[in-house]
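The values are calculated or read from the model by the stated rules, or taken from the named source; none is laboratory data. If you're wondering where the values come from, they're calculated on a predicted model, not measured in any experiment. Note that we place each Cβ from the backbone using ideal geometry, even for glycine, and neighbour counts take in every protein chain shown.
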Amino acid sequence: MRLLSCPRSAYRAAQMSPPAASSATSHSAPRLLGDQPQGGSVLSFYSTKGSPRPPRIGRAEGVYLWDADGRRYLDATAGAVVANIGHGNPHVLAAMQAQAARVSFAYPRFFESEHNVALADRVCALAGPGFDRAFFVSGGSEANEAAIKLARQYAVVTGQASRWKVISRNPSYHGSTLGALAVTGDEHTSSIYGPMVRTMPKVPAPLSYRLPEGESVESHAMACADALERTIEQEGPESVLAFILEPIGGLSTGTVVSPPAYFERVRRICDRHGVLVIYDEIMSGAGRTGKFLAAHHWLAARPDIVTLAKGLAAGYTPLGCVLVPDRIVDAVAGSGGFVHGHTYFTNPLSCAVANAVMDEVERLDLVTRARERGESLRRRLEALAQRSPLVGDVRGLGLLAAIEIVADKGTRRALPAAFNAPARLTVHGLRHGIALYNRRANLGAFGDFQMITPPLTISELELDELVERLERSLDDLAAEAARAKLA
Ligand code: PLP
């Protein structure tokens, strides 16, 4: 079942809000994809003509979204784990307006921008020792591409031109551009785009719930680290440039948190072989896990390069960032400069917005809040797991959390992949007034997860509401699975 193949009535029945002081207007747009002969929704690229359309967004404020018909949804995943400071923040909107009125675009290689400098100073200070420079781009895939290219150019200009392989993990997700897909561990996307890219070597990503027979979380993680060393040796250490990993998996593993010893062993292995360590913190960075970087949870194992996006500008404008040490930047700059750049890199409007977002992160102490609320969310989700027949596992760190949906908690058997439990849960969620982002990794081969990643601004009362609405949605899913004799 595809996400949009449920009856439109599922959306229509979504919860009505109390009358909102909304500027949203009711719309009379066609209700099925493809009804318009030209143009229309981008979803016509994802679902066949005649599929029902999701609600049209009207407005958003705090942790809530309203559709154009005034129905309210609690944003339980901050969109795609983006809206860290919540929606409609007045300080950010004012900064956006002020910057747009001054200058919205000036090419960064012609004109320095005040907000570029301020934001770089700020994120480097927040990231701490080893992160001296920041390169801003328009999103997560671009950030990973830039990180990999910078690492490669560094190798070339420092006499290590034989190093070009970037080892990554399976499963993993590093973005949608061809370069990012080359390091993404997802068989489904590889089956389509694999022949077009030079696919990079993969090692297993440690899992924590579906463990190989006889392994503990720790022993399995260490075996995965050892697989990295074996792969480096098989490939030839002189050919290996970097190892890229999500320190806490996103949708690829459903927020698996590995033991500290894993990160330490990975660091030692990479040091031994002169391999750079790149943390993809597109999801886990910018405060979501209760530290500014997830890397800060394991200080004995620092990465060389970190990529950020999502929470950095919190969805107010597109922005990504690569954090790098001086030694890499100086070597590349000294050899004629980074052979890379995009029209919109270091966009002044996005930098101004991200500075305002960071003001709010500091003013509201959202990094601490992510940790504290993360603990209360976890308690609530663990209690929910006791009640729900479908919730097999609760995991994550801070407000980067997920539940794993299973058919049988005893055996950990997943629901059949064709049932597509996450997509069905999203539909039930909309009916129960909760927005749940889902993107299926590896066609569900590693299990079904539901990320629970609300804005870091969420209150305790709103957390209660989130879990209550989630539970109702899970109850509907359980009933559906039982009717289909699957659980
Ligand atoms: N890396 C990770 C870990 C992600 O979760 C994502 C997006 O979900 C990306 C990279 C790609 O980011 P973007 O979609 O902004 O290109």
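So the values come out like this:
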item	result
Matching entry among 314, 309 (being among the hydrophobic types (A, V, I, L, M, F, W, C), farther than 11 Å from residue 127 by Cα, within 11 Å of the ligand (Cβ to nearest atom) and in contact (Cβ under 8 Å) with a residue 60 or more places away in the chain)	309
Unique residue being more than 14 Å from residue 168 (Cβ to Cβ), among the acidic types (Asp, Glu) and touching a helix residue (DSSP H, G or I) at 6+ places or on another chain (Cβ under 8 Å) when the list is 213, 187, 238, 218	218
Residue match in the stretch 335-342 (condition: within 30 Å of residue 94 (Cα to Cα), buried (at least 24 other Cβ atoms within 10 Å of the Cβ) and within 13 Å of the ligand (Cβ to nearest atom))	no
Tally of residues being among the basic types (Lys, Arg), under 23 Å from the mean Cα position of the chain (by Cα) and over 18 Å from residue 430 (Cα atoms) across the stretch 449-487	0
Residue count, the stretch 77-104 (criterion: modelled with pLDDT of 95 or more and either among the charged types (D, E, K, R) or more than 16 Å from the ligand (Cβ to nearest atom) (or both))	19
Residues of the stretch 179-236 that turn out to be within 16 Å of the ligand (Cβ to nearest atom), closer than 18 Å to residue 265 by Cβ and surrounded by fewer than 16 Cβ atoms within 10 Å (Cβ to Cβ), as a count	0
Residue match in the stretch 72-88 (condition: assigned to a helix (DSSP H, G or I), more than 19 Å from residue 323 (Cα to Cα), free of Cβ contacts under 8 Å to residues at least 24 places away in the same chain and in contact with a helix residue (DSSP H, G or I) (Cβ under 9 Å, 6 or more places away or on another chain))	no
Residue 259 being touching a residue at least 40 places away in the same chain (Cβ under 8 Å) and within 16 Å of the ligand (Cβ to nearest atom)	no
Filter result (away from the ligand (no atom under 12 Å from the Cβ) and out of contact with any helix residue (DSSP H, G or I) (no Cβ under 7 Å at 6 or more places or on another chain)) within the stretch 137-174	149, 151, 152, 155, 156, 159, 160, 170
Residues that are assigned to a loop (DSSP other than H, G, I, E, B) and surrounded by 24 or more Cβ atoms within 10 Å (Cβ to Cβ), drawn from the stretch 252-274	252, 253, 254, 255, 256, 258
Criterion: modelled with pLDDT under 95 and within 16 Å of the ligand (Cβ to nearest atom) - qualifying residue of 249, 287	249
